[in-house]
1. Conditions: (1) out of contact with any Phe, Trp or Tyr (no Cβ under 9 Å at 6 or more places or on another chain); (2) in a helix (DSSP H, G or I); (3) free of Cβ contacts under 8 Å to residues at least 40 places away in the same chain. Val27 meets all but one. Number of the miss?
2. Could you run through the stretch 62-93 and say how many residues are within 20 Å of Asn172 (Cα to Cα) and crowded, with 22+ Cβ neighbours inside 10 Å?
3. From (1) without any contact (Cβ under 8 Å) to a residue 40 or more places away in the chain; (2) crowded, with 19+ Cβ neighbours inside 10 Å; (3) in contact with a Pro (Cβ under 9 Å, 6 or more places away or on another chain), pick out the condition that doesn't hold for Cys194.
4. Only one residue in Asn240, Asn234 is surrounded by fewer than 18 Cβ atoms within 10 Å (Cβ to Cβ), in contact (Cβ under 8 Å) with a residue 40 or more places away in the chain and either in contact with an Asp or Glu (Cβ under 9 Å, 6 or more places away or on another chain) or assigned to a loop (DSSP other than H, G, I, E, B) (or both), so which one is that?
5. Pick from the stretch 176-191 the residues that are charged (D, E, K, R) and crowded, with 20+ Cβ neighbours inside 10 Å: which of them is nearest to Ala139 (Cα to Cα)?
6. Which residues, taken from the stretch 125-179, are on the phi > 0 side of the Ramachandran plot and modelled with pLDDT of 95 or more?
7. May I ask you to verify whether Gln72 is in contact (Cβ under 8 Å) with a residue 60 or more places away in the chain and under 22 Å from Leu238 (Cα atoms)?
8. Restricting the search to the stretch 117-151, which residues are over 20 Å from Gly82 (Cα atoms), touching a residue at least 24 places away in the same chain (Cβ under 8 Å) and among the hydrophobic types (A, V, I, L, M, F, W, C)?
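The values are calculated or read from the model by the stated rules, or taken from the named source; none is laboratory data. Bear in mind that the values here come from a model prediction, so they are computed numbers and not experimental data. Here the Cβ positions follow ideal geometry from the backbone for every residue, glycine too, while neighbour counts run over all protein chains shown.
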Amino acid sequence: MYHNRLIPCLLLDNGRLVKTVQFRKPVYVGDPINAVKIFNDKEVDELVFLDINATRSHRRPDFAYLKKIAEQCFMPLCYGGGITSLADIGTLFRIGFEKVSINAAALEHPELIGEAAKVYGSQSIVGAMDVGKNLFGKAVVKALNGTRGTKYSPKEYAKRLEDAGAGEIFLNSVTQDGVMAGYDWELIREVADCVQVPVIACGGAGNLQDCRRAIDSGASAAAAGSIFVFWGVNKAVLINYPDSEETAKLFAESGDGE
């Protein structure tokens, strides 16, 4: 049985911490290293960092900067963005990251996941998928920050990632990203029901109860951005995270699972 986790998902854009809405219009919310120091004090389960423009800019991960982040971080770290090779993955592990999230590269070269899993263990390899709607309103896997559709349904692609060797699946909803109106519960259920590996749900959390409901819908972990970097109805920038007692109570409560 997997331990339920509550994970801040932090977006990087040219060394800045930003937040998006439906993968568009990144808004600056602070310095990544300062955010890491605050999350250290709050004893978060783990952190996910995603560079939102590395792949579209054909840029490799900024290893020097990522090393600075890892040196300040006292919890498990996952990174995604611009990863294209086994060498990239090895470098990330050497500088202090425990997991890598492979998204764009897995679409064209799913064998990279399998190669990495053989070398580093599947538990450290996360297969990432961004899901949005096509012109007919049907859920499809998206590429390049949600700007390009693919032929894959969420269920089909999740199974593909699992079969390739991913030890976890990072499921991100383009439609719900930054809206803070709740996760895509149906999408979470669909993906979680078709794979055996843990699913990390991301996109849409407006409060902690949404995170609980994501777990009730089948996710092993709830990742979120806005609720951990904004505070109040006016969305003032404030790095925050529930204390251990509140987190334990959240996951101990019975959800409706709807």
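1. (2)
2. Result for the stretch 62-93: 5.
3. (2)
4. Answer to the check: Asn240.
5. Of the residues in the stretch 176-191, the ones charged (D, E, K, R) are 177, 184, 186, 189-190.
Filter once more, keeping what is crowded, with 20+ Cβ neighbours inside 10 Å: 177, 184.
Values: Asp177: 15, Asp184: 11 Å.
My answer is Asp184.
6. As a first pass, look at the stretch 125-179 and keep what is on the phi > 0 side of the Ramachandran plot: 137, 144-146, 165, 178.
Of everything in the stretch 125-179, those that are on the phi > 0 side of the Ramachandran plot and modelled with pLDDT of 95 or more turn out to be Gly165, Gly178.
7. The answer is no for Gln72.
8. Result: Ala139, single match.
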